[in-house]
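Take a look at the structure set out below.
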Amino acid sequence: DVKVTQSSRYLVKRTGEKVFLECVQDMDHENMFWYRQDPGLGLRLIYFSYDVKMKEKGDIPEGYSVSREKKERFSLILESASTNQTSMYLCASSQTLGQVAYEQYFGPGTRLTVT
Amino acid sequence: AQSVTQPDIHITVSEGASLELRCNYSYGATPYLFWYVQSPGQGLQLLLKYFSGDTLVQGIKGFEAEFKRSQSSFNLRKPSVHWSDAAEYFCAVGSNTGNQFYFGTGTSLTVIP
């Protein structure tokens, strides 16, 4: 079974702190994604990566950055956390064949609260 | 632009009743379609997917979905709902010109005894 793990299930940070969310997948998938999920808004893509050291902006990249130094690991960074970044953060991974978007496998999520 | 619409924000059904969750998509080419389920506080789990071929696809937990190109729909169905099916359900369309998914805003399912 594909396994996607996230470093924390719950996280509480203060405004202005630098926050790191880590995601690891064990299926050698090329693609990795970071979403945030808010009630009534569904899942919104923050960043994705289709290869090591490669990254692409999603729909809401402002206030976030990412890092992918190894194929299995994709980190989301909040440079200076703000209260409007309080949310559920979901990591996902998928394989690729050409440009086809195969199914994504999700981690359990990190519920981040910024106070 | 690609988009996915789930018209029902919340649905309540009785245990043992049938269920249909609606999903409409907007996509120029042949879509790759998915349904996911999310239990409270959890990540998303894939229920089923449609890439090509038979338009009626079977998934896990007794769910099925039917792709109707003429209606741009991919509705999820289950003949008899169990209390454990209470969750949030997301429809998604995958691009065949990139690696992105487009998710609907979800339908919350409540199951009453």
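The values are calculated or read from the model by the stated rules, or taken from the named source; none is laboratory data. Keep in mind the model is a prediction, meaning the values are calculated, not measured. Positions of Cβ are backbone-derived with ideal geometry, glycine not excepted, and every protein chain shown enters the neighbour counts.
Can you report the number of residues in segment A:99-115 which are hydrophobic (A, V, I, L, M, F, W, C) and facing another protein chain (nearest Cβ under 10 Å)?
Quick first cut of segment A:99-115, residues hydrophobic (A, V, I, L, M, F, W, C) only: A:100-101, A:106, A:112, A:114.
Applying the additional criterion that residues be facing another protein chain (nearest Cβ under 10 Å) yields A:100-101, A:106.
Residues that pass the stated criteria total 3.
Of all residues in segment B:18-42, count the ones that are surrounded by 13 or more Cβ atoms within 10 Å (Cβ to Cβ) and small (Gly, Ala, Ser). Give the derivation first.
Within segment B:18-42, the first condition is being surrounded by 13 or more Cβ atoms within 10 Å (Cβ to Cβ), and the residues that meet it are B:19-27, B:31-39, B:42.
Retained after the next criterion (residues that are small (Gly, Ala, Ser)): B:26, B:39.
Qualifying residue count for the region: 2.
I'd like to know if segment B:46-55 contains one or more residues that are closer than 18 Å to B:Phe103 by Cβ, away from every other protein chain (no Cβ under 12 Å) and modelled with pLDDT under 95.
We begin by selecting, within segment B:46-55, every residue closer than 18 Å to B:Phe103 by Cβ; these are B:46-51.
Filter once more, keeping what is away from every other protein chain (no Cβ under 12 Å): none.
No, segment B:46-55 has no match at all.
Out of all the residues in segment B:68-75, is one or more more than 23 Å from A:Tyr89 (Cα to Cα), surrounded by fewer than 14 Cβ atoms within 10 Å (Cβ to Cβ) and of a type in the set (Phe, Trp, Tyr)?
No - not one qualifying residue is present in segment B:68-75.
If A:Ser65 meets every condition in (1) away from chain B (no Cβ under 14 Å); (2) hydroxyl-bearing (Ser, Thr, Tyr); (3) closer than 27 Å to B:Gln6 by Cβ apart from one, which number is that one?
A:Ser65 satisfies every listed condition except (3).
Could you check how many residues of segment B:2-41 are assigned to a loop (DSSP other than H, G, I, E, B) and of a type in the set (S, T, N, Q)? Lay out the reasoning, then the answer.
First, the residues of segment B:2-41 that are assigned to a loop (DSSP other than H, G, I, E, B): B:2, B:6-9, B:15-18, B:22-23, B:27-31, B:39-41.
Within this subset, residues satisfying the condition of being of a type in the set (S, T, N, Q) are B:2, B:6, B:18, B:30, B:39.
Final tally of qualifying residues: 5.
With at pLDDT 95 or above and either among the aromatic types (Phe, Trp, Tyr) or within 25 Å of B:Val37 (Cβ to Cβ) (or both) as the only criterion, which of A:Leu112, A:Leu43 stands out?
So the residue among A:Leu112, A:Leu43 that is at pLDDT 95 or above and either among the aromatic types (Phe, Trp, Tyr) or within 25 Å of B:Val37 (Cβ to Cβ) (or both) is A:Leu112.
Anything in segment A:69-81 that is away from chain B (no Cβ under 14 Å) and of a type outside the set (S, T, N, Q)? List them, or say none.
A:Glu69, A:Lys70, A:Lys71, A:Glu72, A:Arg73, A:Leu76, A:Ile77, A:Leu78, A:Glu79, A:Ala81
Here's the yes/no breakdown for (1) under 17 Å from B:Gln45 (Cβ atoms); (2) within 10 Å of another protein chain (Cβ to nearest Cβ); (3) not acidic (Asp, Glu):
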residue	(1), (2), (3)
A:Arg9	yes, yes, yes
A:Lys13	no, no, yes
A:Lys18	no, no, yes
A:Val24	no, no, yes
A:Met27	yes, no, yes
A:Trp34	no, no, yes
A:Tyr47	no, no, yes
A:Asp51	no, no, no
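Which of the following residues is closer than 22 Å to A:Glu56 by Cβ and under 12 Å from the mean Cα position of the chain (by Cα): B:Phe74, B:Phe103?
Being closer than 22 Å to A:Glu56 by Cβ and under 12 Å from the mean Cα position of the chain (by Cα) holds for just one of B:Phe74, B:Phe103, which is B:Phe103.
Among A:Thr86, A:Thr96, which is away from every other protein chain (no Cβ under 11 Å) and polar (S, T, N, Q)?
A:Thr86
Going residue by residue through segment A:24-31, is there one that turns out to be closer than 28 Å to B:Thr5 by Cβ and exposed (fewer than 13 other Cβ atoms within 10 Å of the Cβ)?
no
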